[in-house]
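> Questions regarding the structure given below will be posed in turn.
The values are calculated or read from the model by the stated rules, or taken from the named source; none is laboratory data. Just so it is clear, the model here is predicted, and its values are computed rather than measured. Here the Cβ positions follow ideal geometry from the backbone for every residue, glycine too, while neighbour counts run over all protein chains shown. Accessible surface is based on the protein model in full, side chains and every heavy atom, while ligands, DNA and RNA are left aside. Shrake-Rupley method; radii C 1.70, N 1.55, O 1.52, S 1.80 Å.
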Amino acid sequence: MSLDVSPALLEQAERGEVDEQEFVDCVRTSLPYAWEMISSLVAQLKVDGGKFADNQVPPPSEKERGQLLRALASDAIRGALQRHFGVRLAFQNCHRVAVFPLDPAVDETYGRFTSIRSQLLNQSPELRDC
């Protein structure tokens, strides 16, 4: 299961409308490694500036890797995180998460990061089974 959904949040979903902040809180508590990774990259981007901030360190275990995969593979979760933090997220190699500011000036950098070429250049044998 991707998220630990409270009965109250499930009830909201069954009624129709879901409060996005409550959904974001559910993501934060259900996927703490992914949340911390993204939060720290957003903070790094704010402090350092630049066109993006990224992580290149593999997660310590499959549990944490699974959290990143669940957070970034779900359109709903990824979209809610992007809106909450005010960034665009990019993802490579089952662990390389990057945050980009919502600024057209970085569109070219974002495009290069998410390109087929970049994906191929960021492959390595030790990441084959991730």
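> So if I check each of ARG88, ARG78, ARG65, which one is buried (at least 17 other Cβ atoms within 10 Å of the Cβ), in contact with a helix residue (DSSP H, G or I) (Cβ under 7 Å, 6 or more places away or on another chain), touching a residue at least 12 places away in the same chain (Cβ under 8 Å) and not aliphatic (A, V, I, L, M)? I'd like the intermediate steps shown before the answer.
Working: ARG78 fails: touching a residue at least 12 places away in the same chain (Cβ under 8 Å); ARG65 fails: in contact with a helix residue (DSSP H, G or I) (Cβ under 7 Å, 6 or more places away or on another chain).
From the options ARG88, ARG78, ARG65, the qualifying one is ARG88.
> If you don't mind, there's one more thing I want to ask. Given the conditions (1) modelled with pLDDT of 95 or more; (2) more than 16 Å from the chain's Cα centre (by Cα), and given that SER6 satisfies all but one, which numbered condition is not satisfied?
If we test SER6 against (1) modelled with pLDDT of 95 or more; (2) more than 16 Å from the chain's Cα centre (by Cα), just (1) comes out false.
> Tell me which residues, restricted to the range 1-33, are open to solvent by 50 Å² or more (accessible area, probe 1.4 Å), in a helix (DSSP H, G or I) and of a type in the set (Val, Ile, Thr).
THR29
> Could you list all residues from the range 39-49 that are under 18 Å from ASP103 (Cα atoms) and either within 14 Å of the chain's Cα centre (by Cα) or outside any loop (DSSP other than H, G, I, E, B) (or both)? Walk me through it before giving the result.
Step one: list which residues in the range 39-49 are under 18 Å from ASP103 (Cα atoms), which gives 41-49.
Across the range 39-49, the qualifying residues are LEU41, VAL42, ALA43, GLN44, LEU45, LYS46, VAL47, ASP48.
> Looking at the range 50-62 only, could you name the residues that are within 16 Å of PHE100 (Cα to Cα) and either of a type in the set (Lys, Arg) or open to solvent by less than 30 Å² (accessible area, probe 1.4 Å) (or both)?
Step one: list which residues in the range 50-62 are within 16 Å of PHE100 (Cα to Cα), which gives 50-56.
Those that are within 16 Å of PHE100 (Cα to Cα) and either of a type in the set (Lys, Arg) or open to solvent by less than 30 Å² (accessible area, probe 1.4 Å) (or both): LYS51, ALA53, ASN55.
> Is it true that PHE100 is open to solvent by 20 Å² or more (accessible area, probe 1.4 Å), assigned to a strand (DSSP E or B) and over 19 Å from GLU20 (Cα atoms)?
It is false that PHE100 is open to solvent by 20 Å² or more (accessible area, probe 1.4 Å), assigned to a strand (DSSP E or B) and over 19 Å from GLU20 (Cα atoms).
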